[in-house]
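Step one of this worksheet: look at the structure below.
The values are calculated or read from the model by the stated rules, or taken from the named source; none is laboratory data. Quick caveat, the model's predicted, so the values are computed rather than measured. When we count neighbours, we look across all protein chains shown, and the Cβ atoms used for this are built from the backbone with ideal geometry, even at glycine. Side chains are part of the model used for accessible areas, which takes the heavy atoms of the whole protein and leaves out ligands, DNA and RNA. Shrake-Rupley method; radii C 1.70, N 1.55, O 1.52, S 1.80 Å.
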2 protein chains.
Amino acid sequence: MNKLDQLCVDTLRFLAVDAVEQAKSGHPGMPLGAAPMAYVVWDRFLRHNPQNPAWLNRDRFILSAGHGSALLYALLHMTGYDLSLEELKRFRQWGSKTPGHPEYRHTPGVEATTGPLGQGFATGVGMAIAERFLAGTFNRPDFPVIDHYTYVIVSDGDLMEGVSSEAASLAGTLGLGKLIYLYDDNDISIEGNTDCAFTEDVGSRFTAYGWQVISVADGNDIKMIEGAIKTAMAEKDKPSLIIIKTHIGYGSPKQDTGAAHGEPLGMEAVKETKKKLNWPLEPPFYIPEQSLTHFRQAQERGAKLERDWRDLFDKYRKTYPDLSVKFEQAVHGKPPQGWSSEIPLFKPEDGAIATRNASGKIMNVIAKALPNFMGGSADLSPSTMTTLNGLGDFNFETPAGRNIHFGVREHAMGAIVNGMSLHGGIIPYGSTFLIFSDYMRPAIRMAALMQTHSIFVFTHDSIGLGEDGPTHQPIEQLSSLRMIPGLTVIRPADANETAAAWKLAIELHGPVALVLTRQKLPVLDPQKYPIAEGVAKGGYVLIDAEAGQPDIILIATGSEVHLILAARDQLITHGIKTRVVSMPSWELFDKQSSEWKEKILLPHMPKLAVEAGSPKGWREYVGDTGDVIGLNRFGASAPGATVMEKLGLNVDNVVKCSLSLLRK
Amino acid sequence: MNKLDQLCVDTLRFLAVDAVEQAKSGHPGMPLGAAPMAYVVWDRFLRHNPQNPAWLNRDRFILSAGHGSALLYALLHMTGYDLSLEELKRFRQWGSKTPGHPEYRHTPGVEATTGPLGQGFATGVGMAIAERFLAGTFNRPDFPVIDHYTYVIVSDGDLMEGVSSEAASLAGTLGLGKLIYLYDDNDISIEGNTDCAFTEDVGSRFTAYGWQVISVADGNDIKMIEGAIKTAMAEKDKPSLIIIKTHIGYGSPKQDTGAAHGEPLGMEAVKETKKKLNWPLEPPFYIPEQSLTHFRQAQERGAKLERDWRDLFDKYRKTYPDLSVKFEQAVHGKPPQGWSSEIPLFKPEDGAIATRNASGKIMNVIAKALPNFMGGSADLSPSTMTTLNGLGDFNFETPAGRNIHFGVREHAMGAIVNGMSLHGGIIPYGSTFLIFSDYMRPAIRMAALMQTHSIFVFTHDSIGLGEDGPTHQPIEQLSSLRMIPGLTVIRPADANETAAAWKLAIELHGPVALVLTRQKLPVLDPQKYPIAEGVAKGGYVLIDAEAGQPDIILIATGSEVHLILAARDQLITHGIKTRVVSMPSWELFDKQSSEWKEKILLPHMPKLAVEAGSPKGWREYVGDTGDVIGLNRFGASAPGATVMEKLGLNVDNVVKCSLSLLRK
């Protein structure tokens, strides 16, 4: 390593070490070991513009080993992002821009929130898919308006997580040649040497996935790392994994031990490390002038890169005016005026239709209006009805195809959808059965935390799915999704509520989970009911008591709305006046004014909520004097209507509970 | 294939096909393709006793591709388990013993509930670990009292799921030679040919994990399958994957298409298939006498196998009386009298201690009393404090070691713990941070559904963990776990509640999640507070108002109990009488009589619940006139005490909210 490179690498190392030491908390081992590879990527290859972290055609960089955040903050500061040295000194403190793990939207230049292992790995695959799709859709000969790499640094832990395996296998199938992963192979995890749990041959495993695998024997050898990245770039048809042998806690007395991983080195050890690497003991956060000057060249380089790209784009705009309009619409994330005008109104007389089927029709209309709407299913598209007809499969040969076959890989699908959204230019969706939302829950949480525009389509939403039985019948999934802060969950009651839900999903700009039925449901008359406005409010009066104050309010979501509508008719024969409230989304309803909420739910009025899922949480809406019909048990295998009937999701039971509530 | 074998295989095929047809629902494709491999396992190798499905030393068989349940039911009926033909005719109907996916505890001979893909794969690894551990612990020269194989049939979908990758890598590391997996490699998944999403080289991937990989080119060639299984058995040091090329929907007009997967063939196609395979068109559910006679030999074989084993065990009992007592205690699942007598009482004067640390001490005491208590962590044991000191690592060389290094593989850990419990003879635990319960949620659900005795130890249970920030701070995890039917969640408030919680966890016999702090908590005086009885009831009065009726009840769990205790002192200075309720477990509390519940929570008394997590669900306990201090947002990176303070988990806020509640 030449002197300047060494100086720069060590600057990163000690900024990270000092930040951890100052915070008395953090992970010094990873930055000490992985600083050289990070430096090579950022100094020799990464095409980015520190003054404009949002420049669309930048290379993406993800630190999947998010615990090494201090290394990333050091890179961001040194290359001239809007992250002051002061912020590095406030590492892991309240209100700082330098939280314990990198957080998207929080720190300029952080491309993805990472920390939960494996997420960054799979999110990177999503970014590469987005790049490939946008390039396939918008690039024209001599106009590579989208053309960039995605670099990810991954750890042992990342590679042990199943989500990475799923994503890696898919990336291999898709031949994502612009994906370059650097594996910080230090043989150490928290419980000690990785031999105790991780003796697999990682290289062969990735070769089996269809990746190019490159080995670098010495993680401090910058030339070798540089060569490896060039080899990775030369392979256009496969993602590359560069396995780089490193030493966790390099240079410190704790080198090559688990002790270097998750706690500060301690003052004495920091001193020893600085001595060993010939670094001035004082001051902490020392930045040599030469190092800063060198790193900050990134600003000038970056400005030029973006300028050149803008020039290219100006020419593109002239040469392909229509395409460039579409491109800019896609990129700015706002659907064009009137985009939803073709979404159909469904009519009761057209007959009952499952909300999954209605959703399928609606999605196909949306796909025509929005060329950047794309996604797929975890091997269930014929059941989730999420195929965009005639718009082709996304794969190596047809990168402009808009249907992704994720395979039976729900977790990776979730993280990939997030990555596509993070990349920008795409409104992505992923679909599976509601029960399997459990498999992708960590990714859904990341979507909520990052506020990506990820749309999750969950069908087969209750025991109503029938014969597949308790392993496939969601009970707690709906309520558990509602617990995730920042996720909007919508369970529409019919085809028209589904249409309204889809409009919101496209326009909301945060993550949305749509929860849909397998079984057919009658269509609510959009002439008669205030569906579109109602769904947007999260809860609304579908039909009120015939005259005057109601005696009772029945509340339901999804398929159970039809149950309470039928119960209302029965209750009339008992002389009971009933208001029926459809409440497709708790989150949207909770956001309304208390006036609206009280207008709908009339405090002190007896209320019965009915939902084919865990009743927990409904007390908030029905109050002490209300009641809930739900499921405190797992389901059962039998035809859907039978299971509903047997487990109390039937009109008689709703009537019975209503009467008993009124007697109280 | 000789005639008898062919007859037997086809009997399985058409029992399955007819069952699906009768139910008008199910998966005929898998049984048609995989019947030969299932037959070979069950006819030539499986050591089991249909009259006693609970015989401990039986080989285990899991159909990880649980959608092929009809094939398993056919095998169970034919070999003479207590599953009548009548039940096969009631496939997927209400109350039948033949649900859509195999359900443990529901159907005799079903070893594990399967259906959610990948679960069976990983559960099998848990069974093989249990076998290896028990053999390592109890076998003596000439006394192989535990000595059996675990067979699992897996599908493309199973192998795409990340949980399988995690489990496979661990199985390779551990060298589980008695694990034999048969891969039903039919190139078809629901969205069509697996080429669209799954082009990896599965064989090389498993070789990289350290498995022996064997290929069988023709899934109808019984001799080849038989040879492959023998090869698998001959390899003692590696698990084996036998890749068997099959045809989904074999013999039917839908052969080799996704259409054969998930719906009945239809009457016409059934006819054609029967014709093609020379099967009588009538009657449905036809069982040739010869076939039945052959299959039912399993009964006699099984009886002899068990008899021989009992003879062996009788000799073992005489030769190793002490060991055999321990063995029987382990196997019968009941801890010996007085097992918990050494669990310490913690004293306030010994100083504050994190509940994770208290848990660690308690676990080590339990481990001494219960030789079958074992488990590990997903690479976090130094943080979750779950190491059993001095009891060795479980690995290839030391199979009697009691600490499993699961690696960074939470999902597989969950399923493996379930498999260990299903096997019997072990009380297993798995640990990680509470936030990562999300990664293993599908396995936790399976534990609840199967009612395995799986103990999940979740530490770092709130924003109180501090600097690691929102990616690591649980918000919705606690409440979401509470949504799972049949799971007992306990969040103890101090070391002594932790001891009580552990006693319950050992004695409850269903799955338990223990939710523990990273940060230190004061110790509650067990002389002063009714802790042990209180925790067992799920909620109890820790300290009541000083005299007479309280003005307000404060309720909390875990670390927040100390917050409300401090608030109580403050409220006294405002002249307010406060009852403090500790409610470590909703599930246990909900099970109490309404008298108990009312005695504790005093209806119509203002109540404030305080918990550092999502407030949703608490309304059930505080009622309309109550309030909840919780978190409707993600956390933040800063020292734990700061985050608690800033986000309202502080004494002032509790006092303020109490006063405002009383003013209402």
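Annotation note: of A:Thr150, A:Thr173, the sole residue that is of a type in the set (Val, Ile, Thr) and open to solvent by 10 Å² or more (accessible area, probe 1.4 Å) is A:Thr173. Restricted to the range B:232-271, and to residues that are among the small types (Gly, Ala, Ser) and away from chain A (no Cβ under 14 Å), which residue is nearest to B:Ala128 (Cα to Cα)? Residue satisfying both the conditions and the ranking: B:Ser240.
Summed over the range A:624-649, the residues that are open to solvent by less than 20 Å² (accessible area, probe 1.4 Å) and not small (Gly, Ala, Ser) give a count of 4. Within the range B:176-201, restricting attention to residues that are β-branched (Val, Ile, Thr) and more than 10 Å from chain A (Cβ to nearest Cβ), the residue that is least open to solvent (accessible area, probe 1.4 Å) is B:Ile180. Selection of the range B:479-492 for residues being within 9 Å of chain A (Cβ to nearest Cβ) and either of a type in the set (S, T, N, Q) or open to solvent by 10 Å² or more (accessible area, probe 1.4 Å) (or both) yields B:Ser479, B:Ser480, B:Pro485, B:Gly486.
Scan the range A:57-66 and tell me whether some residue there is at pLDDT 95 or above, assigned to a helix (DSSP H, G or I) and crowded, with 22+ Cβ neighbours inside 10 Å. The answer is yes; a qualifying residue exists. If you check B:Ala70, B:Ala35, B:Ala19, B:Ala112 for being surrounded by 24 or more Cβ atoms within 10 Å (Cβ to Cβ), touching a helix residue (DSSP H, G or I) at 6+ places or on another chain (Cβ under 9 Å) and outside any helix (DSSP H, G or I), only one passes: B:Ala112. Considered as a group, the residues in the range B:205-217 that are farther than 19 Å from B:Phe45 by Cβ and either touching an Asp or Glu at 6+ places or on another chain (Cβ under 7 Å) or surrounded by fewer than 17 Cβ atoms within 10 Å (Cβ to Cβ) (or both) include one that is farthest from the other protein chains (Cβ to nearest Cβ), and that residue is B:Ala217. Filtered by the rule that a residue be in contact with a strand residue (DSSP E or B) (Cβ under 7 Å, 6 or more places away or on another chain) and aliphatic (A, V, I, L, M), the range B:234-269 gives B:Leu241, B:Ile242, B:Ile243, B:Ile244, B:Ile248. Pairs meeting the criteria (first residue in the range B:379-399 and more than 22 Å from B:Glu131 (Cα to Cα) and at pLDDT 95 or above, second residue open to solvent by less than 20 Å² (accessible area, probe 1.4 Å) and assigned to a loop (DSSP other than H, G, I, E, B), beta carbons under 6 Å, at least 6 apart or on different chains) are B:Asp379/B:Gly407; B:Asp379/B:Val408. Scanning the range A:380-404 for residues that are under 19 Å from the mean Cα position of the chain (by Cα) and open to solvent by 10 Å² or more (accessible area, probe 1.4 Å) gives A:Arg402, A:Asn403.
Filtering the range A:5-40 to residues that are touching a Ser or Thr at 6+ places or on another chain (Cβ under 8 Å) and among the aliphatic types (A, V, I, L, M) leaves A:Leu7, A:Val17, A:Ala19, A:Met30, A:Leu32, A:Ala34, A:Met37. Quick one: is B:Pro474 under 30 Å from A:Gly630 (Cβ atoms), in contact with a Pro (Cβ under 9 Å, 6 or more places away or on another chain) and not hydroxyl-bearing (Ser, Thr, Tyr)? No: the conditions fail for B:Pro474. No other residue among A:Pro428, A:Pro442 is in a strand (DSSP E or B) and either modelled with pLDDT of 95 or more or open to solvent by less than 10 Å² (accessible area, probe 1.4 Å) (or both) apart from A:Pro428.
From the list B:Glu166, B:Glu200, B:Glu191, B:Glu161, the lone residue that is modelled with pLDDT under 95 and more than 30 Å from B:Glu328 (Cα to Cα) is B:Glu191. Taking the range A:405-424 as the range and being open to solvent by 10 Å² or more (accessible area, probe 1.4 Å), within 10 Å of chain B (Cβ to nearest Cβ) and part of a helix (DSSP H, G or I) as the test, only A:His411 passes. Filtered by the rule that a residue be assigned to a loop (DSSP other than H, G, I, E, B), touching a Ser or Thr at 6+ places or on another chain (Cβ under 7 Å) and open to solvent by 60 Å² or more (accessible area, probe 1.4 Å), the range A:497-548 gives a lone residue, A:Arg518. With respect to the stated conditions, A:His472 fails to be away from chain B (no Cβ under 12 Å) and either farther than 21 Å from A:Ser582 by Cβ or assigned to a helix (DSSP H, G or I) (or both). Of the helices (runs of 4 or more DSSP H) lying entirely inside the range A:587-664, those carrying at least 2 residues that are away from chain B (no Cβ under 13 Å) are A:594-601, A:651-663.
Restricting attention to the range A:330-364, the residues that are over 14 Å from A:Val457 (Cβ atoms), open to solvent by less than 40 Å² (accessible area, probe 1.4 Å) and not aromatic (Phe, Trp, Tyr) total 8.
Here's the yes/no breakdown for (1) more than 21 Å from A:Thr150 (Cβ to Cβ); (2) outside any strand (DSSP E or B):
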{"position": "A:Ser164", "(1), (2)": "no, yes"}
{"position": "A:Tyr181", "(1), (2)": "no, no"}
{"position": "A:Thr199", "(1), (2)": "yes, yes"}
{"position": "A:Thr207", "(1), (2)": "no, yes"}
{"position": "A:Ile214", "(1), (2)": "no, no"}
{"position": "A:Glu226", "(1), (2)": "no, yes"}
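Does B:Gly464 meet the test of being more than 10 Å from chain A (Cβ to nearest Cβ), at positive phi and of a type outside the set (Ser, Thr, Tyr)? Answer is no for this residue.
Taking the criterion of being open to solvent by 10 Å² or more (accessible area, probe 1.4 Å) and not in a helix (DSSP H, G or I), the residues of the range B:117-147 that qualify are B:Leu117, B:Asn139, B:Arg140, B:Pro141, B:Asp142, B:Phe143, B:Pro144, B:Asp147. Residues satisfying the criterion are present in the range B:391-401 (criterion: outside any strand (DSSP E or B) and out of contact with any helix residue (DSSP H, G or I) (no Cβ under 9 Å at 6 or more places or on another chain)).
Filtering the range B:89-109 to residues that are within 12 Å of chain A (Cβ to nearest Cβ), open to solvent by 40 Å² or more (accessible area, probe 1.4 Å) and farther than 18 Å from B:Gly424 by Cα leaves B:Arg90, B:Gln93, B:Trp94, B:Gly95, B:Lys97. Scanning the range B:262-306 for residues that are surrounded by 18 or more Cβ atoms within 10 Å (Cβ to Cβ) and more than 40 Å from the chain's Cα centre (by Cα) yields one hit, B:Trp279. Give the range A:75-96 a look and list any residue that's part of a loop (DSSP other than H, G, I, E, B), over 22 Å from B:Met644 (Cα atoms) and not hydrophobic (A, V, I, L, M, F, W, C), or say none. Result: A:Gly80, A:Tyr81, A:Asp82, A:Ser84. On inspection, B:Ser25 passes the criterion of being assigned to a loop (DSSP other than H, G, I, E, B), in contact with a Pro (Cβ under 8 Å, 6 or more places away or on another chain) and closer than 27 Å to A:Gly464 by Cβ.
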